[in-house]
There are 2 protein chains.
Amino acid sequence: MSSLRSISELSIADRTLPPSRTYAVLGTGALGGFYGARLQQAGCEVHFLLHRDYDYVRQHGLVIKSIDGDFVLPQVHAHQAAHQMPPCDVVLVALKTTQNHLLPDLLPPVLKPNGVVLVLQNGLDIETAVAEIVGADRVMGGLCFLCSNKTAPGQIHHLDYKQITLGDYALHYAPCGVTKRMQQIAADFEQAGIPIELSADLLLARWKKLVWNIPFNGLSVVLNATTQQMMADESIRSLAEQLMQEVVAGAAASGAWANSQAGIPQSDDRQISPTFIQTMLDYTTKMKPYRTSMKIDYDEQRPLEVEAIFGNPLRMAMQAKLQLPRIQMLYQQLQFLDRQNRSQQQGASH
Amino acid sequence: MSSLRSISELSIADRTLPPSRTYAVLGTGALGGFYGARLQQAGCEVHFLLHRDYDYVRQHGLVIKSIDGDFVLPQVHAHQAAHQMPPCDVVLVALKTTQNHLLPDLLPPVLKPNGVVLVLQNGLDIETAVAEIVGADRVMGGLCFLCSNKTAPGQIHHLDYKQITLGDYALHYAPCGVTKRMQQIAADFEQAGIPIELSADLLLARWKKLVWNIPFNGLSVVLNATTQQMMADESIRSLAEQLMQEVVAGAAASGAWANSQAGIPQSDDRQISPTFIQTMLDYTTKMKPYRTSMKIDYDEQRPLEVEAIFGNPLRMAMQAKLQLPRIQMLYQQLQFLDRQNRSQQQGASH
C-alpha cells in the first residue's frame, strides 16, 4: 500500500472531526434505530429522523430488545423533517437505497460544513451519488453485518452480529487508507459496544460484501428459498460459486479501472483473494437457515434494492469493459420479479 | 449441401419402409393420443401403449375434441405392455423424456427389424440414446408444434397447431438429407391431415426449436410468468434475446463438432440465421398469452424435462468447448425448482 498512500492519502489522512461528535440518523429502522440508540446510550448526542413512527417515538422513545441485553431510551431527539434537525458532525444514512432519491433534500440541512456522511447501506457506488450532493471529501462508507428487525413503531429486535467495516471515500474510490476521522467514528461506535473494522480501501470492502450478497440475496428471491435449501442443492452451490467468481472478477476489473481514473499505479492489493469464495461458501453452509434481507423485502412486498446490489456493480464492471453474464441475468430476473411484486401490491390496495 | 450429401447420404437416402406401414404409439397422452388417433382415422393400423388409462380406453376408445372437428374412435388396439404389442414399422415415442429410462425395455419388442423409431419429443440428443438401443439406422426425429391437452382418460383436446418437422438420423447427427422413409411417413401423416416439413438436418432443426423452448419454457417456470408477462418486460425481453443468442451459438458449435466427428467438411448450412431470433421474438409478442408446457408440468407437480431441453444442449456445446453461461444458470435454477417441487409433492402424498 505504500505507493498508493504516498499519492492519494496525503490530504485525506488528516481529515478530522471535532473532539465530541453529534450524530444524525436518517432512517430510524432496524439498522439506523439500533446503531443510533447504542450511540445515544453511550453518551453521544443523536438526532433521529422519523416518518411514520414519529408520533410514537416522540412519546415513547426507542425500545431495543437485543442479544446483548435489552434497554429503553424513553427520550430521544425525534424529528419529522431534515430541515428541523440541527446540523450534525456525522450523518448516518440508514434508509433503504430505494429511498435514495430523497438524499438531495435530506442531506444538506443536517450536515455540518466539516461533517461527514456515513453511508451504512448495502451495495456499491452509493458514495459517488452522495459525493455529488455534499462533496467528495464529506463522504464515508460503512458495511454493516447486522441481523435486526423492526417489530413495531420504535421497537427494534437485535438478533445477531453488529460489526461495521468503515472506509473513507475519495473521488473514483481512490484508496484512502485509515483516516483520522475513521478512527474518531470508530471510537464512538466502540464506546457503544459496536466492533469496528477499518478498511483502507472502501471499494474493495464493498465488493467483498457483494461476494455473499449477490448470490444469496438474489437467488433467495428468484428461487423462493432459504440459504439452507440453496446450500443443500449441488446445482445451486455451483451457481453460487460461479456468481461469486464473477463478483471477484468484477472487483479486480473495477479496482484497476478506479486506479486508472485516479492516476494511481496498478497493484494487486485491490483484489479479493480467490480463497475468500470457499470461506464464504463454508460460512453459509454452517449458518442457521436464514431468510435473506432481500427475500424479507420481497415477501413484505417492499421495493428490492436491485440497483444498489446488482445494477451498480454491473455498471462499474461494464465501465471496465467486463461482462458478468450470470450477475446480469440475476439482475434481469430480479427487476422483473420486483416489478411484478409491486404491481400486485398496487392491485391489492385498490 | 452437395458436398455433404455425397459423403454421408448415399446409404441413408435409400432407407425405405414397406408400402403399407403399421404404427405403435408409446405414450398415449395429449401428443401420442392425438397423432395416433389421426393416423388410425386415416386408415393406418395403430397400436397404443397405455398405462393408467388402459382399462378406460380399451372399453371406450379415444375421444378427440379438435379445432379441426371432433371425432371418436370407439375401438382402438390398446395394450398394457410393450411385449404384448405386435412389432410395427414405425414406433412413435410420445412419452415425456423424463420416462426415457423405460425405452430399453419398451422399444425392442415393438420395432420390426426394418422398422424405425420416430422420436416425437422435445429437446436434443434423445436420438443418440435411442440409437444405442435399436441401432443408428433405425431412428428418426420429429419436432411437434402442437397445442393439445389430455382432459380425462382417453379424452384429448386439440387446441391449436399440429405440424411436425421430420428429420432422419445418422451417427453423430450427420445430416441425412431427405430420405425415402421420411417421405413415406410424411405421406401417412399428411393423409391424416397433419402438415409435415422435411428437414435435411435433424440436429439443426432440433436446435432451432430450442431457440424458443429454452428461454420461454425455462423462464416461465423460474419467474412464474406467462409469455405475455415476460414479453411486456424490457429486462426479460433482453434476457430472452441473450438466451436465444446462446442457443444460436450452441447450434453452430455443435454442428461444427458433429461435422468433425462424422468426417464431413465444415460448412455454413448447419447454422441458424441470426434473423431467426427476431422472428421468434416478434412471434412471441403476437401470441395469445400462453402458459408453456414446462410451466404446466411444474404447476401440476410433474417432473420437468430439464435434461432433454437444457442438460443435453449444454453437454453438446461443452463437447465443442463452448460455455453457455446463461443457459447453464437457467438449467441450475430449474434443477433446483424441479427437485423442490417433487419433494413437496412427495411430502403432500404422505
Query raised in the report: Highest mean first, what order results for B:201-208, A:231-238 on Cβ atoms within 10 Å?
Result: B:201-208, A:231-238
Report summary line: For chain B, whose charge dipole is built from +1 on Lys and Arg Cβ atoms and -1 on Asp and Glu Cβ atoms, the candidate among B:ALA129, B:GLN99, B:GLY250 with its Cα farthest towards the positive end is B:GLN99
Report task. Please report, in debye to the nearest 20, how large the charge dipole of the protein assembly as shown is about its Cα centre when each Lys and Arg carries +1 at its beta carbon and each Asp and Glu carries -1 there. Result -> 420 debye
Query raised in the report: What is the average number of partner chain Cβ atoms found within 10 Å of a Cβ in B:324-331?
Result: 5
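What is the calculated FRET efficiency for B:PHE145 to A:GLU234, with r their C-beta to C-beta distance and R₀ = 45 Å, to the nearest 0.05? Spell out each step's value before the answer.
Numbers: r = 35 Å, r/R0 = 0.77.
Computed FRET efficiency for B:PHE145 and A:GLU234 comes out at 0.85.
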Query raised in the report: So, by mean Cβ neighbours within 10 angstrom, what's the order for A:240-249, A:167-176, B:121-130, A:276-285 with the highest one leading?
Result: A:167-176, B:121-130, A:240-249, A:276-285
Report summary line: For the rotation taking chain A to chain B, the chain A residue with the nearest C-beta to the axis, plus the distance in whole Å, reads A:PRO325, 2
Query raised in the report: Simple spin-label model, 7 Å along Cα-to-Cβ: B:GLU197 to A:THR285 in nm?
Result: 4.8 nm
Report task. Would you mind listing the distances between the A:ASP55 label point and the same position in each other copy? Use 7 Å along Cα-to-C-beta, nm, one decimal, shortest first. Result -> 6.8
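Once the Cα gyration tensor of chain A is found, what semi-axes does its equivalent ellipsoid get, as square roots of 5 times the eigenvalues, in whole Å, sorted largest first? Intermediate results must be reported in sequence, preceding the final value.
Values: eigenvalues 177, 147, 69 Å².
Calculated on Cα positions only, the semi-axes equal 30, 27, 19 Å.
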Requested in this report: Holding the Cα-Cα limit at 19 Å, pick out from A:LYS112/A:LYS209; B:LYS150/B:LYS209; A:LYS150/A:LYS295; B:LYS65/B:LYS150 the pairs that are longer than that.
Outcome: A:LYS112/A:LYS209; B:LYS150/B:LYS209
Query raised in the report: Can you list, shortest first and in nm, the gaps between the label point of A:CYS147 and those of its counterparts in the other copies, using a point 7 Å from Cα in the C-beta direction?
Result: 4.9
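In debye to the nearest 20, how big a dipole does the stretch A:213-278 give about its Cα centre with +1 on each Lys and Arg Cβ and -1 on each Asp and Glu Cβ?
The dipole magnitude comes to about 140 debye.
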Query raised in the report: So how much slack lies between B:ASP14 and B:GLU190, counting 0.36 nm per residue of separation and subtracting their Cα-Cα distance, in nm?
Result: 61.3 nm
Query raised in the report: Using helices alone, what [θ] at 222 nm do you get for chain A, with -39,500 (n - 2.57) per DSSP H run of 4 or more residues, divided over all residues and rounded to the nearest 500?
Result: -14500 deg cm²/dmol
Report task. Sort A:306-317, B:254-265 for me by packing, meaning the mean count of neighbouring Cβ atoms within 10 Å per residue, highest on top. Result -> A:306-317, B:254-265
**Report entry** Separation in nanometres of the label points that stand 7 Å from Cα toward Cβ, at B:ARG315 and A:THR275
**Finding:** 3.7 nm
Query raised in the report: If contacts are Cα pairs under 8 angstrom and at least 6 residues apart, what is the relative contact order of the stretch A:75-153 in percent?
Result: 28 percent
**Report entry** Label geometry 7 Å along the beta-carbon vector: B:PRO113 inter-copy distances in nm
**Finding:** 10.4
Query raised in the report: For A:HIS158, B:HIS157, A:HIS101, what's the largest-to-smallest order of accessible area, 1.4 Å probe?
Result: A:HIS101, B:HIS157, A:HIS158
Query raised in the report: With the dipole of the stretch A:209-350 worked out from charges on the C-beta (+1 for Lys and Arg, -1 for Asp and Glu) around the Cα centre, which of A:ASN259, A:MET318, A:SER343 lies farthest toward the positive end?
Result: A:SER343
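Give me the inter-chain shielding for B:229-239: mean count of other chain Cβ atoms within 10 Å, whole number please.
Working: counts 3, 1, 0, 2, 6, 4, 12, 5, 1, 4, 7.
Average neighbour count from other chains, rounded to a whole number: 4.
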Query raised in the report: Measuring from a point 7 Å past the Cα of A:SER343 along Cα-to-C-beta, which residues in the stretch B:236-265 have an amide N at less than 17 Å?
Result: B:236-240
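Would you rank A:LYS209, A:LYS286, A:LYS96 by solvent-accessible area, highest first, keeping every protein chain in place and using a 1.4 Å probe? Mind showing how you got there, number by number?
Details: A:LYS209 40, A:LYS286 170, A:LYS96 80 Å².
Greatest to least solvent exposure: A:LYS286, A:LYS96, A:LYS209.
When only Cα pairs under 8 Å and 6 or more residues apart are kept, what is the percent relative contact order across chain A? Provide the component values of the computation, followed by the final result.
Details: 648 pairs, mean separation 55.3, N = 350.
Once normalised by length, the contact order is 16 percent.
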Report task. Return the carbon/sulfur percentage of the accessible area of the stretch A:98-174, one whole number, probe 1.4 Å, all protein chains in place. Result -> 53 percent
Report summary line: Once normalised by the length of the stretch B:114-257, the mean sequence separation of its alpha carbon contacts under 8 Å that are 6 or more apart gives a contact order in percent of 17 percent
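Please give the average number of partner chain Cβ atoms lying within 10 Å of the Cβ of each residue in B:218-225, rounded to a whole number. Could you put the intermediate results ahead of the total?
Numbers: counts 0, 4, 0, 0, 5, 6, 3, 3.
Taking the mean over all residues of the peptide, I get 3.
Compute the convex hull volume of the Cα atoms of the protein assembly as shown, divide it by the residue count, and report the result per residue in Å³ as a whole number.
181 Å³
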Query raised in the report: Which Cα, out of B:SER293, B:MET329, B:SER11, lies furthest along the positive dipole direction of the protein assembly as shown (beta carbon charges, K/R +1, D/E -1)?
Result: B:SER293
Query raised in the report: Debye sum, Cα scatterers, the stretch B:202-343, no solvent: what log₁₀ I/I(0) at q = 0.10 1/Å?
Result: -0.34
**Report entry** Extension gain from B:LEU159 to B:ILE133, taking 0.36 nm per residue of separation minus the Cα-Cα distance
**Finding:** 5.9 nm
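What helices does chain B have that are whole DSSP H segments, at least 18 Å long along their own axis by Cα, and with mean Kyte-Doolittle hydropathy of 0.5 or more? Before the final figure, lay out each step's value.
Working: long enough: B:202-222 (29 Å, 0.80); B:234-262 (42 Å, 0.10); B:325-349 (36 Å, -1.24).
In chain B, the long hydrophobic H runs are B:202-222.
The values are calculated or read from the model by the stated rules, or taken from the named source; none is laboratory data. What you see is a predicted model, and the numbers here were worked out from it, not measured in a lab. Methodologically, a virtual Cβ is constructed for each residue, glycine included, from the backbone with ideal geometry; neighbour enumeration extends over all protein chains shown. Remember, those area values only see protein heavy atoms, side chains included, never the ligands or the DNA or RNA. Shrake-Rupley method; radii C 1.70, N 1.55, O 1.52, S 1.80 Å.
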